[in-house]
Amino acid sequence: MKMTKNSKNSGFTLVELIVVIVILAILAMIAFLSFSSQSSSARDSTRMADTTNITKWLWVFKAISWTYPMPDSQITINAGTGFMIHQWKAWNNVLNILKMSDAKDNLDSSYYSYSTDDTRSFYSVWWFLENPPTSLKDYLNPFWDIKNAAININAADYSKRYFFYKWDWVWILTESWTNLPAEQLYPANSVISLITESKSLNLNISSTNMISWTWLIVWAIQSTQNWNYNFNAPVACPSWFIPVPGNQEFSQPGFCVMKFEAKALNWVINSWYNWHNYSVSDTVASTPQDPAIINLTQIQALAACKSIWDWYHLITNNEWMTISRNLEQVSSNWSSNIVWSWYIFNWHNNGNPGSIIAASADDSDWLFWMTWWFWNTAFVNNRRTLTLSNWSIIWDLSGNVWEHVNKANSLDWTGFNNWSILVSNICTWSNWYYSFGSWDFSPPSWWVCNWANGYSYSVIGPKILNLNSDNGIWRLYSNAAIFSNNIFYRGRDWLGGGGIYMLAVSDDSLSWGTTGFRCAK
């Protein structure tokens, strides 16, 4: 029998070959993207380590020399007010002073940026990361779509990178849209006047907060000239208290304040009402549960805070202003997410619902959709929480109940009702003034009151003076019969017209049924 052998050609068909190539390409792309991501993360780690080492040596240098070194070949930035920033690179001279080897970006070999104030008492070291911190990636850089892969990072394109900031908030000047630092825009040793400068610039107040356009930068600097709101924030605070950075304008060091309006731990829930009238037997605490304590005089509020422990006190006007000025400069507190643009969120001040409301422990129950607005229908929601520059969250500062505030700024009750703030009750119709019985619905741009005893708009109101109730900021209550023995209420209740600078001046014996308090330490 003759055996025959069937032979077949072996190998890949064209279709099989294409499939294999596609699979290999996908695997290669995954590997490449993974490598790119790991590489960018590694570079970010080096950047963070470098800037941390620079800051440590700067601390050592200041401990010996009492000031920080001047940036190499610095550009001087001023706003025509004596305010100056010195900005340049942490370059050879600074690094030699600090006894460090070359520290530079390992993607484009640029030196890290270094800024000081004019007295060289404050400084910042900063640069750009390729990857956003996880908690901030949704909004840290407005120019970047976070769906972009790390492969799209361009060493020269800072608009797709993220500010990384170390130490004081000495403001940083960059070009709008490109994020190029000022030292890459101007020659060494040059002087920049923001009053005459034609470039479109950003003033970066913090890692997440910037002011765009030169004219607004000048306005901001002139208004905050001698002020650093990141000054001496406490490292730790008691339970349900939050740390607040100090404010040099008010000579106010950092302090701790109740996160919530004061509550009574011994309050017994009653289905017939949802408030608690003050009692000397109250165990006072800051807690999210239950409605606020109300219906007490300021002397009782002072005593109630002291009842927690002797080193607690009723919040002072300087402390209230320190909180408010800080909140005013945080973009997330503004409806537009840009500071001084549109309005600051305020809470529960249209009488709907018509009662005090408890808070939530996880900061989640913060939004309430309004059915109408007392002044301006553009205000479409209320927000109970506002965020400080150090990410601390405070509840109900601009609504829910009025709050007693010690205008004397004493840590006990010394002089809390000693002086009047007005020579007379005569103020022009204004964008912030309320005379009992009627609101001014069409205010002029400016206003005049007859102040007394060192009080002025700057002591009780916003830093940017033309902000008013249309910005969710404030109005003033006053009573013609009260020129002495008067006290401050701030914030506002649920009935209408609240704001972080809202102020009522009233009699020291008054105990409103819509007024509570907040303690500080």
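Scanning the range 45-78 for residues that are within 16 Å of residue 92 (Cβ to Cβ) and part of a loop (DSSP other than H, G, I, E, B) gives 69, 70, 71, 72, 73, 74. Within the range 196-214, identify whether any single residue is assigned to a helix (DSSP H, G or I) and modelled with pLDDT under 75, and answer yes or no. Checking the range 196-214: at least one residue is assigned to a helix (DSSP H, G or I) and modelled with pLDDT under 75.
Test residue 290 against the stated conditions and say whether it is acidic (Asp, Glu), closer than 22 Å to residue 404 by Cβ and at pLDDT below 85. Yes; evaluated as a whole, the condition is true for this residue. Look at the range 233-262 and say how many of its residues are closer than 11 Å to residue 287 by Cα and at pLDDT 90 or above. Residues flagged as closer than 11 Å to residue 287 by Cα and at pLDDT 90 or above within the range 233-262 amount to 7. Quick one: count up the residues across the range 113-122 that are modelled with pLDDT under 80 and part of a strand (DSSP E or B). Residues in the range 113-122 being modelled with pLDDT under 80 and part of a strand (DSSP E or B): 1 in total.
Scanning the range 391-402 for residues that are in contact with an Asp or Glu (Cβ under 8 Å, 6 or more places away or on another chain), part of a strand (DSSP E or B) and within 16 Å of residue 287 (Cβ to Cβ) yields 393, 395. Residues in the range 301-332 that are crowded, with 19+ Cβ neighbours inside 10 Å and more than 29 Å from the chain's Cα centre (by Cα): 304 alone.
Within the range 231-251, the set of residues being more than 17 Å from the chain's Cα centre (by Cα), farther than 12 Å from residue 518 by Cβ and not in a helix (DSSP H, G or I) comprises 235, 236, 237, 238, 239, 251.
If the condition is being more than 12 Å from residue 123 (Cβ to Cβ) and of a type in the set (Ser, Thr, Tyr), then the range 50-65 contributes 52, 65.
One residue alone among 101, 110, 45 is assigned by TED's automatic domain parsing to the domain that holds residue 175, in contact with a helix residue (DSSP H, G or I) (Cβ under 9 Å, 6 or more places away or on another chain) and at pLDDT 75 or above, and that residue is 110. Those residues that are of a type in the set (Ser, Thr, Tyr), at pLDDT below 80 and touching a strand residue (DSSP E or B) at 6+ places or on another chain (Cβ under 8 Å), I need them from the range 373-419; list them, please. Matches in the range 373-419: 410 only. For residue 60, the criteria (1) at pLDDT 80 or above; (2) over 18 Å from residue 116 (Cβ atoms) hold in every case but one, which is (2).
The values are calculated or read from the model by the stated rules, or taken from the named source; none is laboratory data. Just so we're clear, the structure is a prediction, and the values are computed from it rather than from any experiment. Glycine also receives a Cβ, built like all others from the backbone with ideal geometry; neighbour counts cover every protein chain displayed.
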